[in-house]
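*Asks:* Structure incoming, see below.
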Amino acid sequence: MNNNTMNFTTLEISTNTSTRSFGLVEILQFCLYSTSFLVGLPTHSYIIWLIITGAGSGVASEFFILNLSFSEAGFCVNCLNFVLSEWLSFIKKFKLFLVGLITTGRPLFQCLMCVERYLAVVHPVTFLKYKPLRYRVICCAAAWILVLGSCLRSTFATDPDNTVGMWFMSVQFLVFFFIQLFCLVAVLRALKQSGPGERGREREEENHMKRRAFHLILITTVNMIITYVPDSIAGFFTIARKKLNPACWLPGLICYILAGFVQPVLYLHRTGKLSCPCLL
């Protein structure tokens, strides 16, 4: 495998510097990248605008969603870079830099959203204590530092077949998955319990809040599984065979792009911008 070939964990197509021909897999990848840029970027930009202008519940309560949308918008921009880099070699470094945003940004901010819902249901006193915006800003600042580190790792990776990147993605997925799974189980247990002295309307409102938190964490966890399990399987398969097969990474790209529309749809439905009776 030559140094110009990257595996699909960096969502890049194999390149031959002397001759270039596009097969079916590469054409499908181009179509997916284009769809993500043309549909995803306006969608996430619209959500950012709604949050900033106060159309939802306010910037403070939706700060993690705001940062997630910025991260997803960066992914959409990078989709355009992936397409253009086939002809414009000078943007390849920038493309590799944004790969860290792709692999770390989404799961990290989704995990923060799940932890926030967990605290609101299981530890409401602690949640109220750290509810002010400044604490969310601190968490997101730390998250962006981690994302920046991931971006730098992607940019200056020295292993030609990106084995380290595949292990990094898989371990990262497992860490975030178990955190979200813990939040999911804890909220489910809280949902089955009723607090002392609760009755009538108060109990119904609290159970409704718990159900919403449980459904959000469940959807986010399933969304994360759909996003990263195909890539993790393809990564381990590539490591075991020591041979890159771009077709193995195509399902992972499809899942990643489609899963990126789940949170925007949920948010637009919650703010009344999208009507769909099957959503929460």
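The values are calculated or read from the model by the stated rules, or taken from the named source; none is laboratory data. No experiment lies behind these values; they were computed from the predicted model shown. Neighbour counts run over all protein chains shown; Cβ positions are idealised from the backbone, glycine included. Only protein heavy atoms, including side chains, enter the accessible area calculation; ligands, DNA and RNA are left aside. Shrake-Rupley method; radii C 1.70, N 1.55, O 1.52, S 1.80 Å.
*Asks:* Working only within the stretch 52-61, note down all residues that are without any contact (Cβ under 8 Å) to a residue 12 or more places away in the chain and either surrounded by 14 or more Cβ atoms within 10 Å (Cβ to Cβ) or of a type in the set (Gly, Ala, Ser) (or both).
*Replies:* Start the filter on the stretch 52-61 by keeping residues that are without any contact (Cβ under 8 Å) to a residue 12 or more places away in the chain, which leaves 53-54, 57-58, 61.
Listed by number, the residues that qualify are 54, 57, 58, 61.
*Asks:* So residue 37 ticks every box in (1) open to solvent by less than 20 Å² (accessible area, probe 1.4 Å); (2) without any contact (Cβ under 8 Å) to a residue 60 or more places away in the chain; (3) hydrophobic (A, V, I, L, M, F, W, C) but one. Which box is left unticked?
*Replies:* All conditions pass for residue 37, except number (1).
*Asks:* Out of the stretch 143-157, which residues are open to solvent by 50 Å² or more (accessible area, probe 1.4 Å), under 17 Å from residue 109 (Cα atoms) and without any contact (Cβ under 8 Å) to a residue 60 or more places away in the chain?
*Replies:* Residues of the stretch 143-157 that are open to solvent by 50 Å² or more (accessible area, probe 1.4 Å), as a first pass: 144-146, 148, 152-153, 156.
Now drop any that are not under 17 Å from residue 109 (Cα atoms), which leaves 144-146, 148.
The answer is 145, 146, 148.
*Asks:* While we're looking at this one, here's another question. Only residues that are of a type in the set (D, E, K, R) and open to solvent by 40 Å² or more (accessible area, probe 1.4 Å): list them for the stretch 108-132, please. Steps first, please.
*Replies:* Keep residues of the stretch 108-132 that are of a type in the set (D, E, K, R), which gives 116-117, 129, 131.
Of everything in the stretch 108-132, those that are of a type in the set (D, E, K, R) and open to solvent by 40 Å² or more (accessible area, probe 1.4 Å) turn out to be 117, 129, 131.
*Asks:* Of all residues in the stretch 66-97, which are closer than 27 Å to residue 110 by Cβ and either open to solvent by 20 Å² or more (accessible area, probe 1.4 Å) or hydroxyl-bearing (Ser, Thr, Tyr) (or both)?
*Replies:* Going residue by residue through the stretch 66-97, those that are closer than 27 Å to residue 110 by Cβ are 66-83, 94-97.
Selection gives 69, 70, 71, 77, 80, 83, 94, 96, 97.
*Asks:* Moving to a separate point now. Of the numbered conditions (1) aromatic (Phe, Trp, Tyr); (2) more than 18 Å from residue 264 (Cα to Cα); (3) surrounded by fewer than 17 Cβ atoms within 10 Å (Cβ to Cβ), residue 49 satisfies every one except a single condition; which is it?
*Replies:* (2)
*Asks:* Sticking with this one: In this structure, does residue 219 turn out to be open to solvent by 30 Å² or more (accessible area, probe 1.4 Å) and either modelled with pLDDT of 75 or more or outside any helix (DSSP H, G or I) (or both)?
*Replies:* Details: open to solvent by 30 Å² or more (accessible area, probe 1.4 Å): yes; either modelled with pLDDT of 75 or more or outside any helix (DSSP H, G or I) (or both): yes.
Yes.
*Asks:* I would also like to ask the following. Could you grab me the full set of residues in the stretch 229-269 that are under 20 Å from residue 28 (Cβ atoms) and either of a type in the set (Phe, Trp, Tyr) or touching a strand residue (DSSP E or B) at 6+ places or on another chain (Cβ under 9 Å) (or both)?
*Replies:* Matches in the stretch 229-269: 237, 249, 256, 261.
*Asks:* With the condition being in contact with a Cys (Cβ under 7 Å, 6 or more places away or on another chain) and at pLDDT 90 or above, I'd like the helices (runs of 4 or more DSSP H) fully within the stretch 67-176 carrying at least 1 qualifying residues. Reasoning before the result, please.
*Replies:* Working: elements: 92-100, 106-122, 124-129, 133-155.
Filter on the stretch 67-176 gives 106-122.
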